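*Asks:* I'd like to ask some things about the structure below.
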């Protein structure tokens with residue numbers, strides 16, 4: 001990671017007063033801070049002036065109507081897209097010169113809305129790929145099967161099994177990832193992301209396609225993961241029950257702009273949010 | 001021994017069986033060959049078969065495991081063949097031992113092909129799919145033309161190389177001392193090469209190739225290469241460096257093809273650059289596709305059968321290539337036939353049941 005650089009290439013504007021961070025994280029550097037983040041696709045401003053602060057152990061939610069730009073923000077945070085404007089500070093460092101791989105090494109891991117597993121590999125190998133940068137042996141020891149190969153493979157096998165046990169998936173270790181049921185694929189993606197030892201976990205619609213009991217279990221697991229690994233979680237989700245129950249801070253996005261951030265109670269009572277989701281009351285139109 | 005085998009992981013077990021199969025096949029064929037039981041035409045094909053097995057297995061690394069279509073694999077074979085021939089011929093006086101010289105030639109061939117692979121890989125690996133295929137195709141043709149321009153000879157002063165771009169120079173221009181010999185004569189290719197390749201060397205190269213490819217696939221690096229094939233964006237998201245591992249797969253594949261080329265080049269006293277043209281690349285690709293993408297066993301069998309087949313079909317005389325094509329089509333249809341697949345899967349199940357019942 002590089003040295004801290006001057007981060008403000010845009011005019012200084014005070015952070016939004018409604019920037020919410022849980023009390024226990026207040027005195028520490030936020031894990032993520034975006035300042036005036038924006039991206040254009042041609043003439044379309046897909047995300048504009050996006051300011052967000054996430055505490056070190058916060059479970060945060062990012063919600064908004066379809067097409068609001070939520071996944072675009074994930075792609076910006078992981079540098080799949082390069083931001084047109086603004087700054088992303090990760091753990092206090094400017095991420096300006098980092099690419100997806102460097103950001104992952106620094107501690108950002110994610111899952112995808114349309115699941116992206118290594119379908120032809122086994123469940124265990126998928127997790128081991130998450131452990132890729134943790135496994136310490138190179139190409140030649142691997143081909144010659146030197147002692148370091150056996151030692152590291154054994155260690156990574158044990159670590160993979162331990163991670164799989166979070167979701168009780170040890171029994172599926174030798175299955176082909178592509179042949180897993182849908183819910184298990186989502187869970188495997190979370191485990192693979194966790195295997196990279198992140199400080200910030202980005203979950204893109206983790207409960208999509210899950211039934212209510214699976215969703216309930218997932219909610220417990222997300223909280224358990226945060227408690228166990230002491231990491232921050234930012235999740236995109238349409239299941240309001242999930243968002244309102246486990247998220248401490250919620251950011252609401254509409255047409256690429258952040259319209260509110262606050263606790264679930266504040267968000268539920270916010271008239272702008274209600275308007276974005278339900279439209280204006282009949283009498284207020286025109 | 002058996003216990004150790006049972007305790008090994010499933011994929012390791014298939015690897016050990018592959019090694020065992022290849023060793024057994026070598027022993028049987030070597031015994032037959034020494035007893036003079038192989039027909040002359042078959043015995044002459046033993047080294048080329050080994051070369052094509054290595055070519056097919058190494059191309060499978062690029063196409064089946066890395067997941068990029070390469071149409072220039074014969075180009076790397078060509079680089080290996082001619083650099084190997086030059087090394088062997090130039091060292092003929094100083095190293096009289098043929099096996100040692102063959103080893104050096106194969107290492108030189110592999111190194112030159114690796115360098116070629118790295119240089120080609122830098123621009124090529126930024127591309128995907130069709131574009132990558134087209135550029136590798138062009139590379140194969142470029143190598144062919146470059147070697148067509150080479151005039152190489154050696155004498156007491158060392159190696160003399162002329163790059164004959166305009167086609168005006170001849171071997172005379174090398175100005176060799178007395179006792180010097182011409183190794184490559186431009187478009188006429190390598191001539192008068194001392195043939196030092198042997199079936200044993202071919203077998204050893206096949207084994208080394210298998211160990212490298214199979215162990216690579218089961219290691220951290222191989223997993224990363226396969227992850228790129230399955231999903232590049234996800235691979236990046238877990239911190240896997242795309243360029244590094246693509247290059248690793250591509251260069252390893254080129255290196256092995258170079259070693260195979262050296263072995264091939266030293267099996268014939270005359271060798272033309274046009275031998276390693278687009279047709280040869282496609283031929284090797286056919287081995288890989290027919291044997292199954294990512295299936296190493298399949299590549300070995302396909303390379304063996306399809307190298308023997310055209311010779312075995314000599315009885316058909318002028319209809320030989322027609323019959324060859326028909327056999328290829330039938331095999332392709334057969335291996336992709338759902339009913340046949342179900343039939344074979346059923347057989348395998350029955351065999352398993354019978355085994356369980358018996359035990």
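Bear in mind that the values in this text are calculations on the coordinates, not laboratory data. Keep in mind it's a predicted model, so treat the numbers as computed, not measured. Counting neighbours? That spans all protein chains shown, and the Cβs are built from the backbone with ideal geometry, glycine included.
*Asks:* Rank by packing, highest mean first: peptides A:187-196, B:176-185, with packing defined as the count of other Cβ atoms within 10 Å averaged across residues.
*Replies:* Ranking the peptides A:187-196, B:176-185 by packing returns A:187-196, B:176-185.
*Asks:* Also: Which FRET efficiency value, to the nearest 0.05, do you get for residue A:28 and residue A:114 by plugging their Cβ-Cβ distance into 1/(1 + (r/R0)^6) with R0 = 41 Å?
*Replies:* 0.75
*Asks:* Count, for each residue of B:221-227, the Cβ atoms from other chains sitting within 10 Å of its Cβ, then give me the mean as a whole number.
*Replies:* The per-residue average across the peptide is 6.
*Asks:* Given the C-alpha centroids of region B:134-205 and region A:113-128, what is the distance between them in whole angstrom?
*Replies:* After rounding, the separation between the Cα centres reads 48 Å.
*Asks:* Continuing with this model, one more query. Restricting everything to alpha-carbon atoms, can you work out Rg to Rh for the protein assembly as shown with a Kirkwood hydrodynamic radius?
*Replies:* When Rh is taken as the Kirkwood radius, the ratio is 1.07.
*Asks:* Once both axes come from the Cα atoms, what is the angle between helix A:147-164 and the longest principal axis of chain A, in degrees from 0 to 90, rounded to 10?
*Replies:* So the helix axis and the longest Cα principal axis differ by about 40 degrees.
*Asks:* At R0 = 25 Å, how high is the FRET efficiency between residue B:178 and residue B:270 if r is their beta carbon distance? Nearest 0.05 is fine.
*Replies:* E between residue B:178 and residue B:270, to the nearest 0.05, is 0.55.
*Asks:* For chain B, with a Gaussian network of springs between Cα atoms less than 10 Å apart, report the residue from B:316, B:118, B:26 with the top mean-square fluctuation.
*Replies:* B:316
*Asks:* Averaged over its residues, how many other protein chain Cβ atoms are within 10 Å of peptide A:140-149's Cβ atoms?
*Replies:* 4
*Asks:* If the label point is 7 Å along Cα→Cβ of residue B:23, which residues in region B:287-327 have backbone nitrogen under 18 Å from it?
*Replies:* B:297
*Asks:* State the percent of C-alpha pairs, over all pairs in region B:158-216, separated by a distance greater than 20 angstrom.
*Replies:* More than 20 Å apart: 52 percent of the Cα pairs in region B:158-216.
*Asks:* Remind me, relative contact order of region B:189-264 in percent, using alpha carbon pairs under 8 angstrom and six or more residues apart?
*Replies:* 33 percent
*Asks:* Quick check on chain A: take the gyration tensor over C-alpha atoms, sort the square-rooted eigenvalues as a ≥ b ≥ c, and tell me if it's rounded (a/c under 1.5), prolate or oblate.
*Replies:* prolate
*Asks:* Taking the alpha-carbon centroid of each part, what is the distance from region A:208-286 to region B:272-350 in angstrom?
*Replies:* After rounding, the separation between the Cα centres reads 57 Å.
*Asks:* For residue A:265 paired with residue B:350, estimate the spin-label separation in nm (one decimal), with each label point 7 Å from Cα along the Cα-to-Cβ line.
*Replies:* The two pseudo-label positions are separated by 7.2 nm.
*Asks:* To the nearest 0.05, how large is the calculated FRET efficiency for residue B:126 and residue B:34 if R₀ is 51 Å and r is the Cβ-Cβ distance?
*Replies:* It comes to 0.50.
*Asks:* If we sort B:255-268, B:205-218 on the protection proxy, mean other Cβ atoms within 10 Å, highest first, what's the order?
*Replies:* Descending packing order for the listed peptides: B:255-268, B:205-218.
*Asks:* Right, next: What's the ranking of B:225-234, B:28-37, A:263-272 by average number of surrounding C-beta atoms within 10 Å, highest first?
*Replies:* B:225-234, A:263-272, B:28-37
*Asks:* Here's a follow-up. Sum -39500 (n - 2.57) across every DSSP H segment of at least 4 residues in the protein assembly as shown, then divide by the residue count to get the 222 nm mean residue ellipticity, nearest 500.
*Replies:* That comes out to -17000 deg cm²/dmol.
*Asks:* Using the Kirkwood formula over every pair of different C-alpha atoms, what hydrodynamic radius in Å results for chain B?
*Replies:* Its Kirkwood hydrodynamic radius stands at 21.9 Å.
*Asks:* On a 0 to 90° scale, report how tilted helix B:199-217 is relative to the longest principal axis of chain B, with both axes built from alpha carbons and the result rounded to the nearest 10.
*Replies:* 60 degrees
*Asks:* With label points built 7 Å along Cα→Cβ from the Cα atoms of residue A:134 and residue B:279, find their separation and express it in nm.
*Replies:* 5.4 nm
*Asks:* For peptide A:110-122, compute the average count of partner chain beta-carbon atoms within 10 Å of each residue's beta-carbon.
*Replies:* 4
*Asks:* Say each of residue A:176 and residue B:43 gets a label point 7 Å from the Cα, pointing the same way as Cα to Cβ; how far apart are those two points in nm?
*Replies:* With each label point 7 Å from Cα toward Cβ, the separation is 4.5 nm.
*Asks:* Would you mind checking the tilt of helix B:98-124 against the longest principal axis of the Cα atoms of chain B, expressed as 0 to 90 degrees and rounded to 10?
*Replies:* Around 80 degrees separate the two axes.
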